[in-house]
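Presented below is the structure to which this report refers.
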Amino acid sequence: MSAAFDDSSDEQQLYAADPEWADVVPLQQYEGVDPIAPIFYSEEYKDATDYFRGIVKTGEMSPKVLKLTEHIIRMNPAHYSAWQYRYKTLIALNSPLKAELELMDNFAIQFLKTYQVWHHRRLLLGALRSVDVAVRELAFVTRTLRTDTKNYHTWSYRQWILAHFNDEARLWPGELPWVEELLEEDVRNNSAWHHRFFVVWQSGVRRDEVDREEVLRRELAFTKEKISLAPNNQSAWNYLRGVLDHTHTPYASLTSFVQPYTVGAPSDPEDSIVDLENPRPSAGAELPSLPALEFLADIYEAEGGDGISKAVRIWKSLADEHDTIRKKYWEYRIKDALHGAQ
Amino acid sequence: MTSSEPTTSDQLRPTPTDGYPSPTSRLQTATEDILRAHQPSAGTPPILNRNLHIQYLLRNLQQGFPERYTSQDASQTWLLFWTLQGFSTLGIGLDDRTKQRRAPSIDTLLAAQHPEGGFGGGPGQLAHQLPTFAAVSALAIAGRPGPGGGWDEIDRAKMYTWFLSLKQPDGSFKVSHDGEVDVRGLYCLLVCATLLNILTPELLAGVPEFLASCQTYEGGFGSASFGEWAFREDGHAPDYSAPRPTLGEAHGGYTYCATAAWALVQPYLRLYYAPTPAGPKPAPTISMRGLARWYATMQGGRAELGGLRGRTNKLVDGCYAWWVGGGAAVVAGMLKEQEDARAGAEELQEGAEAQNEGWEDEEVDDSLLNRPALQQYVLCAAQHPAGGLRDKPPKHADAYHTLYCLSGLSAAQHRVVPNASRRATLRSSWDADKARSMEGSATASSSDGEQSLLDELRRESFVSALSWLEEEGTEQYVGGAVNRVNATHPLFDLTVTHAEGIMAHFYGQTLPVRRPQPRPRNKPADA
Ligand SMILES: [Zn+2]
């Protein structure tokens with residue numbers, strides 16, 4: 001990898017003029033076709049991809065292919081064929097994959113939004129089969145998520161690492177404290193909430209979390225506390241619902257927690273007894289909280305009987321007053337509940 | 001018709017920050033500040049700048065794309081699909097203003113076909129599910145039967161073999177050799193296999209299970225699930241009880257793909273999961289309720305002009321007008337099918353109707369989203385003043401957002417849903433022998449029983465897909481009918497006519513004439 005292409009120092013000369021490439025026959029993109037809606041490539045890009053097509057045709061896998069594919073990827077990181085051919089060449093040449101991973105660090109930061117950047121790392125990790133490398137990767141992902149806290153590919157890559165290597169001692173233990181840090185910084189970061197669900201509920205049971213009742217208590221307490229800080233935060237409410245659904249816990253078990261969030265104004269702190277299990281809305285809360293109203297209606301609907309008409313009353317208030325943008329949806333809920341009640 | 005906007009407490013209310021701002025809420029507030037300047041002004045109906053958008057698309061088609069589109073070099077078939085479908089949505093056929101463009105479009109698309117099956121993003125590129133979908137869809141618009149027409153030049157047998165070579169033990173597919181697994185690729189594959197008559201039980205094995213495992217606790221779908229724990233050494237019979245955690249949170253793009261894919265596998269679920277001599281196979285399920293809720297919660301408030309976001313607590317963006325708006329239309333269609341089935345059963349039991357408390361007859365528009373508000377977002381915020389459409393102001397227009405804003409506008413204007421009488425007509429005119437002779441996967445069934453089941457799968461896939469029709473009298477045009485765009489099929493993002501054309505060809509069917517489909521038992525729209 002010492003010959004890795006350096007795009008900053010001297011001007012790139014065309015492959016067509018490079019004696020090292022004289023043995024490769026470049027292939028034009030369109031032969032005998034006058035393409036419609038063509039892209040106006042730069043000379044440099046056109047030249048490089050002409051040689052790439054030439055290489056693919058002959059199947060050559062050599063160090064200079066690594067230079068060429070890196071060059072193309074730097075100009076267009078979404079060129080999945082260049083990525084794929086590069087990976088095959090790395091394997092064929094028995095190239096040091098850790099060095100490739102290090103080279104990729106700079107790519108990932110530059111081309112954060114590109115699928116291929118992250119997928120290539122996944123291929124490398126799969127081939128390296130090393131928990132040490134996986135540990136290093138988690139640290140790298142943590143760093144990149146600092147600048148782009150909701151990058152979808154980065155998050156799913158992290159989840160893949162955890163699931164694929166599944167190392168109880170070295171990979172999983174840091175996840176929960178880290179998610180808490182992220183939610184401390186931004187309680188509305190839905191990616192972090194999803195990650196919490198992935199870690200706690202979806203990917204099996206951690207060694208120190210075999211007491212699932214205790215885990216449930218902990219998660220409910222954590223979520224309620226976050227809801228009390230920002231009662232209109234949909235992410236926290238969705239997590240709460242997710243936990244209850246996953247553990248088959250009735251929503252009604254949270255009735256006394258939810259109630260204070262469904263009224264018009266925060267209650268006077270003087271006349272409310274401090275209930276650690278049911279934290280009240282913060283002083284700045286904008287009430288009623290729509291997710292709380294929705295939640296309460298779901299409690300009523302599950303009750304059946306008279307509960308249905310109480311639920312319908314809430315849905316009507318959402319449809320006509322608090323959340324008119326979703327009028328159609330609330331009407332659908334009413335229709336559905338009335339049908340189900342028959 | 002225009003929406004009658006009620007004056008209520010939530011009118012233009014900024015998204016609450018609860019006195020507890022965070023990076024997400026700060027970005028949200030800043031975005032609402034920008035969108036505020038784009039609120040429709042009272043008395044001036046918003047206008048679709050149709051001619052500017054047609055000019056924008058024509059410029060791309062005729063002059064090509066500037067250098068910054070090099071980032072789309074691996075998506076050339078997409079650029080063509082976005083452009084051609086943009087024309088279809090705006091009512092421009094390839095035979096009027098773009099007459100000379102048909103043959104070069106077909107040649108350009110076919111040049112991206114890979115010698116070993118499937119299409120790449122351009123000539124000489126590796127075959128990949130996404131550009132394959134885009135090429136097949138673009139050919140549905142531009143192509144026709146016969147030599148040089150593009151359709152018969154698609155190598156379906158090779159495409160089918162290539163599809164199978166990408167299949168994973170958990171029912172998922174890689175998008176390309178050495179590529180990633182996700183539900184986008186799966187959706188693309190299912191659309192191609194459905195349109196081209198190469199859908200087989202071999203291809204579909206494990207697909208519903210994989211799809212179901214991608215639904216997250218929020219109700220929407222993530223990119224994929226981690227299935228490796230469930231792979232057994234013998235390569236067969238995955239252990240469905242093993243956890244398959246979702247990779248990535250619920251997301252508009254993946255959720256659209258998974259929802260449409262779920263609709264496309266319904267015939268397979270009905271036919272192959274019923275009790276068989278070998279014993280019943282447990283059918284995977286998804287939470288339709290959770291899914292419907294997720295779609296509804298993606299709609300921004302009035303301060304965001306009713307635009308759609310792609311994930312919880314993210315910003316609205318014009319392209320989700322389609323991914324979320326189109327996906328919600330698929331759910332609405334599936335719910336209607338359930339409703340039809342239920343109503344059919346109820347009609348058998350006399351007197352059941354009286355219990356509906358009037359809801360059934362009051363409702364004309366039973367979509368999950370606020371259709372007028374979504375139109376407002378597209379018309380007021382997503383149109384670039386110089387032509388083309390965009391994510392949100394002050395961004396530039398691009399080919400991708402231009403199509404998906406228009407498709408989203410279409411989904412908000414029209415209601416395209418499964419139609420029971422069309423389904424019956426299509427079934428009765430079905431020619432099984434012709435469909436079998438046109439089958440493109442070149443696989444042979446081993447027994448008569450398997451063959452007849454496969455015949456049924458083929459018929460039901462055809463009938464289900466083409467039973468989606470616009471319900472006359474349910475269209476709503478914010479700003480008036482002058483803003484009308486063509487209806488689009490929620491499963492394909494093609495016009496119903498284009499979907500019919502390519503499917504009739506590849507299934508060897510002659511389609512019965514479509515008649516206007518008035519909505520039964522209801523008052524007309526805007527009464
Ligand atoms: Zn977008």
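The values are calculated or read from the model by the stated rules, or taken from the named source; none is laboratory data. What you see is a predicted model; the values in this text were computed from it and never measured. For neighbour counting, all protein chains shown are included, and Cβ atoms are generated from backbone atoms with ideal geometry for every residue, glycine included. Note: areas computed on protein heavy atoms with side chains; ligands, DNA, RNA excluded. Shrake-Rupley method; radii C 1.70, N 1.55, O 1.52, S 1.80 Å.
Per-residue mean of foreign Cβ neighbours for A:221-229 is 1 (Cβ atoms of other chains, 10 Å radius). For the peptide A:42-48, the mean number of other protein chain Cβ atoms found within 10 angstrom of a residue's Cβ is 1. Under the combined filter of DSSP loop state and at most 14 neighbouring Cβ atoms within 10 Å, the stretch A:116-179 retains these GluC sites (Glu not before Pro): A:Glu168.
3J(HN,Hα) couplings calculated from phi for the stretch A:212-227 with the Karplus curve 6.51 cos²θ - 1.76 cosθ + 1.60 (θ = phi - 60°) are, in sequence order, 5, 4, 5, 4, 4, 4, 4, 5, 5, 4, 4, 5, 4, 5, 5, 5 Hz; Gly and Pro show x.
Computed with a 1.4 angstrom probe on protein heavy atoms, the B-A interface buries about 7900 square angstrom of accessible area in total. Only one residue of B:Val324, B:Leu466, B:Leu271 has its Cα farthest out toward the positive end of the dipole of chain B, where Lys and Arg carry +1 and Asp and Glu -1 on Cβ, and that residue is B:Val324.
Any idea what log10 I(q)/I(0) is at q = 0.09, 0.10 Å⁻¹ for the protein assembly as shown, Debye with uniform C-alpha scatterers and no solvent? Each listed q corresponds, in turn, to -0.95, -1.20. Toward the positive end of the charge dipole of the protein assembly as shown, with +1 on the Cβ of Lys and Arg and -1 on the Cβ of Asp and Glu, the farthest Cα among B:His177, A:Ala127, B:Ala224 is that of B:His177. Shown in residue order for the stretch A:171-183 are the 3J(HN,Hα) couplings computed by the Karplus curve 6.51 cos²θ - 1.76 cosθ + 1.60 at θ = phi - 60°: 9, 6, x, x, 5, 5, x, 5, 4, 5, 4, 4, 6 Hz (x for Gly and Pro). Net charge of the neighbourhood of A:Tyr251, taken over other residues with C-beta under 11 Å away and scored Lys/Arg +1, Asp/Glu -1, is -4. Taken about its Cα centre, the protein assembly as shown carries a charge dipole of roughly 1340 debye when the Cβ of each Lys and Arg holds +1 and the Cβ of each Asp and Glu holds -1. When the helices of chain A are scored as -39500 (n - 2.57) per DSSP H run of n ≥ 4 and the total is divided over every residue, the value at 222 nm lands at -18000 deg cm²/dmol. Once backbone amide H atoms are built at 1.01 Å from N, B:Phe221 has B:Thr216, B:His251, B:Thr255 as its partners under 5 Å, excluding neighbours fewer than 5 places away on the same chain.
Residue pairs exceeding 30 angstrom between C-alpha atoms, taken from A:Lys150/B:Lys281; A:Lys67/A:Lys150; A:Lys316/B:Lys314; A:Lys310/B:Lys336; A:Lys88/B:Lys167; B:Lys336/B:Lys395: A:Lys150/B:Lys281; A:Lys67/A:Lys150; B:Lys336/B:Lys395.
Take each residue in A:27-35, count the other chain C-beta atoms within 10 Å of its C-beta, and the mean is 5. For B:Phe119, the residues whose amide H sits under 5 Å from its own are B:His114, B:His128, B:Thr132, ignoring neighbours fewer than 5 places away on the same chain, with H placed 1.01 Å from N.
Solvent-accessible area of the protein assembly as shown (1.4 angstrom probe, protein heavy atoms only): carbon and sulfur portion equals 53 percent. Highest average first, the peptides B:214-221, B:455-462, B:181-188 ordered by how many other beta carbon atoms sit within 10 Å of their residues are B:214-221, B:181-188, B:455-462. Placing a label point 7 Å from the Cα of B:Ala274 along the Cα-to-Cβ line, the residues of the stretch B:438-474 whose backbone N sits under 18 Å from it are B:448-465. Normalised by 2.2 N^0.38 Å, where N is the number of residues, the C-alpha radius of gyration of chain B stands at 0.96.
Net charge of the neighbourhood of B:Gly122, taken over other residues with C-beta under 11 Å away and scored Lys/Arg +1, Asp/Glu -1, is 0.
Applying the Karplus relation 6.51 cos²θ - 1.76 cosθ + 1.60 with θ = phi - 60° to the stretch B:429-434 yields 3J(HN,Hα) values of 9, 5, 10, 5, 5, 5 Hz, where x marks Gly and Pro. Summing charges over neighbours of A:Val199, with a neighbour being any other residue whose Cβ is under 12 Å away from its Cβ, gives -1 when K and R count +1 and D and E count -1. A Cβ-based charge dipole, computed about the Cα centre of chain B with Lys and Arg at +1 and Asp and Glu at -1, lands at about 1340 debye. Heavy-atom accessible area for A:Arg326, with the other protein chains in place and a 1.4 Å probe, reaches approximately 30 Å².
For B:Leu389, the amide hydrogen comes within under 5 Å of the amide hydrogens of B:His384, B:Asp398, B:Thr402, counting only partners 5 or more places away or on other chains and with H modelled in the peptide plane.
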